[in-house]
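Visitor: One structure, as structure tokens, below. Some questions next.
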Amino acid sequence: MEAAEKEEISVEDEAVDKNIFRDCNKIAFYRRQKQWLSKKSTYQALLDSVTTDEDSTRFQIINEASKVTLLAEIYGIEGNIFRLKINEETPLKPRFEVPDVLTSKPSTVRLISCSGDTGSLILADGKGGLKCHITANPFKVDLVSEEEVVISINSLGQLYFEHLQILHKQRAAKENEEAASVDTSQENQEDLGLWEEKFGKFVDIKANGPSSIGLDFSLHGFEHLYGIPQHAESHQLKNTGDEDAYRLYNLDVYGYQIFDKMGIYGSVPYLLAHKLGRTIGIFWLNASETLVEINTEPAVEYTLSQMGPVAAKQKVRSRTHVHWMSESGIIDVFLLTGPTPSDVFRQYSHLTDIGEK
């Protein structure tokens with residue numbers, strides 16, 4: 001009788017109060033990106049601007065709506081690694097790039113321009129086994145290994161890049177304003193956290209406006225994803241729903257709920273994907289707050305336009321979309337092509353000195 005009357009105690013009763021941490025619907029750059037992506041604005045690569053040197057291939061990308069130009073750089077790195085950097089072509093001031101993580105400047109291999117047409121560009125490493133197929137309109141990059149598409153970049157059109165701005169003097173003296181006069185555009189700016197963002201008692205002033213970035217990756221034939229620590233989730237990453245992204249943010253959480261996607265301690269923007277016969281990695285080199293969305297589509301058919309016989313060889317297979325969103329910085333991502341798990345670990349340790357002595 002006494003045992004039945006004892007109060008039940010749950011582990012979750014002592015878990016952290018999640019209200020003191022931000023979830024997706026409280027993060028301004030997440031709301032902005034979701035709102036913008038619903039408008040289906042696209043980017044186009046200007047392939048007539050391509051320049052090539054020993055280290056990289058560069059070309060411009062233009063937003064069809066705003067007509068603002070970005071600069072894209074593609075690097076081939078020794079050990080079957082590709083690097084993509086996207087930055088403002090003429091930023092208001094230098095945007096932050098992460099220092100001290102890479103062991104040294106990566107040793108590059110020259111990428112050779114192969115055959116293509118007016119709407120595409122093909123780059124290959126010296127061995128010819130790995131190729132980058134760049135489609136101009138809409139902008140997309142396909143990483144092809146042995147005539148098989150492994151990774152597609154921006155195939156969903158989720159490239160997002162906010163440009164640094166000068167604050168406009170929009171507010172007149174308050175004593176001259178009419179109480180009934182409401183600037184709805186200003187209200188919208190405050191809701192989206194363009195120049196100032198509040199959470200609890202904290203206020204984040206953005207002197208040069210919003211500066212978030214985002215990009216999607218489609219992993220063909222992959223259903224098993226791992227990494228992006230630290231979370232109290234299952235070892236294999238799960239699909240995310242609306243406002244349910246994995247959060248990468250350096251925290252110190254004493255108590256936390258298990259099987260939850262919120263960040264708990266450090267953050268490492270490194271994701272692994274595995275399938276029979278191949279393992280790949282994505283290293284998103286960005287130190288700001290980052291959200292990662294994952295969505296697996298089983299058994300969908302993918303065809304590659306303007307690639308001749310390669311398109312015909314694509315099979316009906318699953319693919320997983322990974323959408324990265326960061327609060328600031330530039331897009332700087334390393335694609336680790338494996339093909340074996342040990343190859344991917346070697347490639348990552350070569351870049352970051354993790355596990356090496």
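Visitor: R0 = 41 Å: FRET efficiency of Ser113 with Thr90, Cβ-based, nearest 0.05?
Guide: FRET efficiency, Ser113 to Thr90: 0.95.
Visitor: Want the number for Gln44 to Tyr254: 0.36 nm per residue separation, take away the alpha-carbon distance, what's left?
Guide: This chain segment gains 71.0 nm when fully extended.
Visitor: Something else now. Assuming a ≥ b ≥ c are the square roots of the Cα gyration tensor eigenvalues, decide whether the stretch 20-112 counts as rounded (a/c under 1.5), prolate (otherwise, with a/b larger than b/c) or oblate.
Guide: It comes out oblate by the Cα gyration axes.
Visitor: Expressed in nm to one decimal, what extension gain is obtained for the pair His235 and Ser66 from 0.36 nm per residue of sequence separation less their Cα-Cα distance?
Guide: Stretched out fully, the His235 to Ser66 stretch lengthens by 56.7 nm.
Visitor: With a point put 7 Å past each Cα toward its Cβ, work out how far Asp353 is from Thr340 in nm, to one decimal.
Guide: 2.7 nm
Visitor: Between Lys127 and His224, with labels modelled 7 Å along Cα→Cβ, what's the label distance in nm to one decimal, could you check?
Guide: 2.3 nm
Visitor: Cross-link list Lys131/Lys275; Lys34/Lys275; Lys34/Lys67: which exceed 26 angstrom alpha carbon to alpha carbon?
Guide: Lys34/Lys275
Each value in this text was obtained by applying a stated rule to the coordinates, not by laboratory testing. Being a predicted model, the structure only gives us computed values, none of them experimental. With ideal geometry, Cβ positions are generated from the backbone for all residues, glycine too; neighbour counts draw on all protein chains shown.
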